[in-house]
């Protein structure tokens, strides 16, 4: 992915969706564990990415550019996805169902 995508949220989201649609993804062991615990299947993950919004972008993260997406699966269940944004392959770092107290709503983080 090129650097301009990091600063353009729409281009970034479009690139992530294209990678997911082409199934150019890698799921980390941590993400797989979280998905199993939350009963999130690959189809659920792909559906959530296809309709996701960009909640938070971390282009300068110490481990490399990444972002937090919020989407829904086929049953309208909210799913958050943390993924890298700097590789040709979309790397899923984690995926989970947002829940209180950390997430009062799927798109609103609790204030410290």
Considering the stretch 73-91, residues that are more than 16 Å from residue 30 (Cβ to Cβ) and crowded, with 18+ Cβ neighbours inside 10 Å, and then whichever is nearest to the chain's Cα centre (by Cα), we arrive at 85
I'd like the full set of residues that are exposed (fewer than 15 other Cβ atoms within 10 Å of the Cβ) and part of a strand (DSSP E or B), limited to the stretch 45-54. 53
Would you check which residues across the stretch 41-57 are over 13 Å from the mean Cα position of the chain (by Cα) and touching a residue at least 12 places away in the same chain (Cβ under 8 Å) and list them? 43
Kindly evaluate residue 95 against the criterion of being touching a residue at least 40 places away in the same chain (Cβ under 8 Å) and either touching a helix residue (DSSP H, G or I) at 6+ places or on another chain (Cβ under 8 Å) or in a loop (DSSP other than H, G, I, E, B) (or both). yes
Filter the stretch 55-73 down to the residues that are within 19 Å of residue 34 (Cβ to Cβ) and part of a loop (DSSP other than H, G, I, E, B) and list them by number. 61, 63, 73
Scan the stretch 92-104 for residues that are touching a strand residue (DSSP E or B) at 6+ places or on another chain (Cβ under 7 Å) and either over 14 Å from residue 65 (Cβ atoms) or surrounded by fewer than 12 Cβ atoms within 10 Å (Cβ to Cβ) (or both) and report the count. 6
Given the condition within 17 Å of residue 107 (Cα to Cα), surrounded by 14 or more Cβ atoms within 10 Å (Cβ to Cβ), under 10 Å from the mean Cα position of the chain (by Cα) and modelled with pLDDT of 95 or more, answer yes or no: does some residue in the stretch 14-21 qualify? no
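The values are calculated or read from the model by the stated rules, or taken from the named source; none is laboratory data. Computed from a predicted structure; not experimentally measured. Note that we place each Cβ from the backbone using ideal geometry, even for glycine, and neighbour counts take in every protein chain shown.
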